[in-house]
Ligand code: ATP
Ligand code: MG
């Protein structure tokens with residue numbers, strides 16, 4: 001090994017040691033054990049698919065998972081097929097009305113939202129659920145289909161060991177405040193805007 005390479009290796013080792021010390025200190029400082037509330041928001045692609053990534057993680061540990069999909073469900077998705085065919089133990093409830101610009105009926109949308117929220121509410125009060133996913137819930141707040149305070153209260157008062165993932169654009173500042181982890185997926189570019197059709201296995 002050349003002297004230059006040896007120097008580079010020694011420098012790398014030193015930097016990694018320093019980094020490890022920082023990581024170890026951060027891990028030691030995080031000593032609270034409880035479920036987390038995650039909000040995945042923003043205009044980019046990757047919110048629901050990230051939520052379903054967490055579903056897979058939880059299932060890997062044999063945890064109990066509930067999924068409630070607001071809006072979605074009119075169109076089939078790979079995650080729906082997978083859960084129905086391979087994970088019958090996952091409680092999946094879909095509002096099934098499709099997008100509001102398709103239904104164009106506020107009254108029936110609100111009734112469907114309330115029915116769907118009832119299912120979510122059951123999961124959020126059932127401590128046997130380790131993970132509850134509320135996919136596209138934010139739109140119910142944006143359209144004022146559901147009462148914001150009622151939702152915030154249910155999220156805040158869920159069993160302490162239960163984690164919850166909420167997805168969807170927007171959602172409002174009160175929801176952001178309440179959630180422990182908030183990630184914004186930024187839209188830099190999307191294939192659809194270049195005329196590429198939504199793709200099975202990638203987009204749905
Ligand atoms: P995904 O389910 O792929 O993680 P998402 O949950 O972040 O996406 P949604 O707003 O729920 O995004 O929309 C779902 C569908 O819309 C997916 O087919 C996704 O590829 C597409 N989509 C998401 N963001 C954009 C965008 N910025 N422009 C066009 N299509 C988008
Ligand atoms: Mg989504």
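With r as the distance between the Cβ atoms of residue 27 and residue 118 and R0 = 41 Å, compute the FRET efficiency 1/(1 + (r/R0)^6) and round to 0.05. The formula returns an efficiency of 0.55 here. Helix 3-29 and the long axis of the chain differ in direction by around 50°, with both axes built from C-alpha atoms.
Hey, could you get me the Stokes-Einstein D for the chain, Kirkwood radius over alpha-carbon pairs, 37 °C and 0.692 mPa s, rounded to whole µm² s⁻¹?
In µm²/s, the coefficient is 172.
For segment 1-76, the average shadow cast by the Cα convex hull is 10.3 nm², which is a quarter of the hull's surface. Cα centroids of segment 158-204 and segment 35-67: 10 Å apart.
Helical content alone sets the calculated 222 nm signal of the chain at -14000 deg cm²/dmol, taking -39,500 (n - 2.57) per DSSP H segment of four or more residues and averaging over every residue. Here the contact order of the chain, divided by its residue count and restricted to Cα pairs under 8 Å and six or more residues apart, works out to 33 percent.
Taking 0.36 nm per residue of sequence separation and removing the Cα-Cα distance, the residue 126/residue 87 pair yields an extension gain of 12.1 nm.
A short reminder: the numbers here are calculations on the coordinates, not readings from a lab. Just so you know, these numbers come straight off a predicted model, no measurement behind them. Ideal geometry is used to build each Cβ from the backbone, glycine not excepted, and the neighbour counts take in all protein chains shown.
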